[in-house]
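Trainee: Dropping a structure here in structure tokens format, bear with me for questions.
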Amino acid sequence: DGGITQSPKYLFRKEGQNVTLSCEQNLNHDAMYWYRQDPGQGLRLIYYSQIVNDFQKGDIAEGYSVSREKKESFPLTVTSAQKNPTAFYLCASSPSAAAYEQYFGPGTRLTVT
Amino acid sequence: AQSVTQLDSHVSVSEGTPVLLRCNYSSSYSPSLFWYVQHPNKGLQLLLKYTSAATLVKGINGFEAEFKKSETSFHLTKPSAHMSDAAEYFCVVSDLGQAGTALIFGKGTTLSVSS
């Protein structure tokens, strides 16, 4: 059963702690993306990766970090430097960097208090 | 730079009546355009896409959209709303001239369907 898995679905952290969100895909897609969603804001791009061991900053990368050591995995770390981390985080993938259709995971809702 | 504007933040219809969700785009090149749907606390699902083929695009669940270059619009329609259509809808643009970058999302339109 192919798809994108994000875990956990809900995550709670105290302010000042780093937290890592998981994203795994078994679609054999080259490109992967992280978005942040806030009410009334649509989706905003945090980071994206076109191939293994390479990634690029998106529009709102400050306070976040990523790695792409394996094709199927693209974890996102929300650091303590992110001033407003509470949001819904969505991971997506596409077959290649030249493909424009993206497939989304179910999302992780992060709450920081 | 490319951008997309969803003209209504909220649309309310009655079950069985037509749905119209409006989207205008701005793009330097021939764009690819998409509509995605998101149900509460879920990921996004692709409804339909336009990639320079037929201007009238049919998608899943009875939705369709028409690409109108002269009006820079890509409105989403459905002849008869169903209660299960209640969700948030995103119009999305991607320029063919910038492969490898992410999609540009509109701010979303919340569709409410009453019985």
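The values are calculated or read from the model by the stated rules, or taken from the named source; none is laboratory data. Model, not experiment: these values are computed from the prediction. FYI the Cβ positions are ideal-geometry reconstructions off the backbone, even for glycines, and counts take in every protein chain you see. What goes into the accessible areas is simple: the full protein's heavy atoms, side chains included, and nothing from ligands, DNA or RNA. Shrake-Rupley method; radii C 1.70, N 1.55, O 1.52, S 1.80 Å.
Trainee: What average count of beta carbons from other chains do you get within 10 Å of the Cβ of residues in A:101-113? Show your work: numbers first, answer last.
Mentor: Numbers: counts 8, 8, 4, 7, 3, 4, 5, 0, 1, 0, 0, 0, 0.
Mean partner-chain Cβ count within 10 Å for A:101-113: 3.
Trainee: Now for a separate question. By a straight-distance test (C-alpha under 25 Å), which lysines pair with B:LYS69 as possible cross-link partners, with residues fewer than eight away in the same chain excluded?
Mentor: B:LYS49, B:LYS58, B:LYS78, B:LYS107
Trainee: Dipole size in debye (nearest 20) for chain A around its Cα centre, Lys and Arg Cβ +1, Asp and Glu Cβ -1? Intermediate values should be presented prior to the final figure.
Mentor: Values: 11 positive and 11 negative charges, 78 e Å.
With only Lys, Arg, Asp and Glu charged at Cβ, the dipole is about 380 debye.
Trainee: Find the all-direction average of the projected area of the Cα convex hull for the stretch A:20-67, expressing the result in square nanometres with one decimal place. Intermediate results must be reported in sequence, preceding the final value.
Mentor: Working: hull surface 15.6 nm².
Quarter of the Cα hull surface area: 3.9 nm².
Trainee: Relative contact order, percent, of chain B when contacts are C-alpha pairs under 8 Å separated by at least 6 residues? Provide the component values of the computation, followed by the final result.
Mentor: On the way: 295 pairs, mean separation 43.2, N = 115.
Here the relative contact order equals 38 percent.
Trainee: Between the stretch B:1-53 and the stretch A:73-113, what is the separation of their alpha carbon centroids in Å?
Mentor: When both Cα centres are located, 21 Å separates them.
Trainee: Oh, and also: Rg/Rh for chain A: what does it come to with C-alpha atoms and Rh from Kirkwood?
Mentor: 0.94
Trainee: Between beta-carbons, use under 10 Å as the cut-off and find the net charge around B:SER73, counting Lys and Arg +1, Asp and Glu -1. Intermediate results must be reported in sequence, preceding the final value.
Mentor: Values: positive: B:ARG22, B:LYS68, B:LYS69; negative: B:GLU66, B:GLU71.
Summing Lys/Arg as +1 and Asp/Glu as -1 gives +1.
Trainee: With only alpha-carbon atoms in the gyration tensor, what are the semi-axes of the equivalent ellipsoid for chain B, in Å, largest first? Before the final figure, lay out the partial values.
Mentor: Details: eigenvalues 115, 41, 29 Å².
Working from the Cα gyration tensor, I get semi-axes of 24, 14, 12 Å.
Trainee: Here is a further query. Which whole-number percentage describes the relative contact order of the stretch B:7-62, with Cα contacts under 8 Å and a sequence gap of 6 or more? Provide the component values of the computation, followed by the final result.
Mentor: On the way: 48 pairs, mean separation 12.8, N = 56.
For the stretch B:7-62, the relative contact order is 23 percent.
Trainee: Of the heavy-atom accessible surface of chain A (probe 1.4 angstrom), what whole percent is carbon and sulfur?
Mentor: Values: 2560 of 5400 Å².
With neighbouring chains kept in place, the figure for chain A is 47 percent.
Trainee: Normalised radius of gyration for the protein assembly as shown, please: alpha carbon Rg relative to 2.2 N^0.38 Å, two decimal places. Before the final figure, lay out the partial values.
Mentor: Numbers: Rg = 17.6 Å, N = 228, 2.2 N^0.38 = 17.3 Å.
In units of the 2.2 N^0.38 Å rule of thumb, it is 1.01.
Trainee: I want the local charge near A:PHE74. Using Cβ-Cβ distances under 13 Å, sum +1 for each Lys or Arg and -1 for each Asp or Glu among the other residues. Don't skip to the answer; put the middle values down first.
Mentor: Numbers: positive: A:ARG68, A:LYS70, A:LYS71; negative: A:GLU24, A:ASP30, A:ASP54, A:GLU69, A:GLU72.
In short, -2.
Trainee: Considering every residue in A:41-49, what mean count of other chain Cβ atoms within 10 Å of its Cβ is obtained?
Mentor: The mean count of partner-chain Cβ atoms within 10 Å per residue comes to 4.
Trainee: If you average the sequence gap of Cα pairs under 8 Å that are 6 or more apart and divide by the length of chain A, what percent do you get for the contact order?
Mentor: Values: 293 pairs, mean separation 39.8, N = 113.
Averaging sequence separation for qualifying contacts and normalising by length gives 35 percent for chain A.
Trainee: Within a Cβ distance under 9 Å of A:ASN53, other residues only, what is the Lys/Arg minus Asp/Glu net charge? Write down the numbers at each step before the final one.
Mentor: On the way: positive: A:ARG68; negative: A:ASP54, A:GLU69.
Net charge in that neighbourhood comes out at -1.
Trainee: Using θ = phi - 60° and the Karplus form 6.51 cos²θ - 1.76 cosθ + 1.60, what ³J(HN,Hα) does each residue of the stretch A:31-37 get, whole Hz, x for Gly and Pro?
Mentor: For the stretch A:31-37, the Karplus curve yields 9, 9, 9, 10, 10, 10, 10 Hz.
Trainee: OK, next. Pull up the DSSP beta bridges for chain A and report the antiparallel fraction as a percent, rounded to 5. Each step should come with its number before you reach the end.
Mentor: Values: 34 of 38 bridges.
Expressed as a percentage, antiparallel bridges in chain A total about 90.
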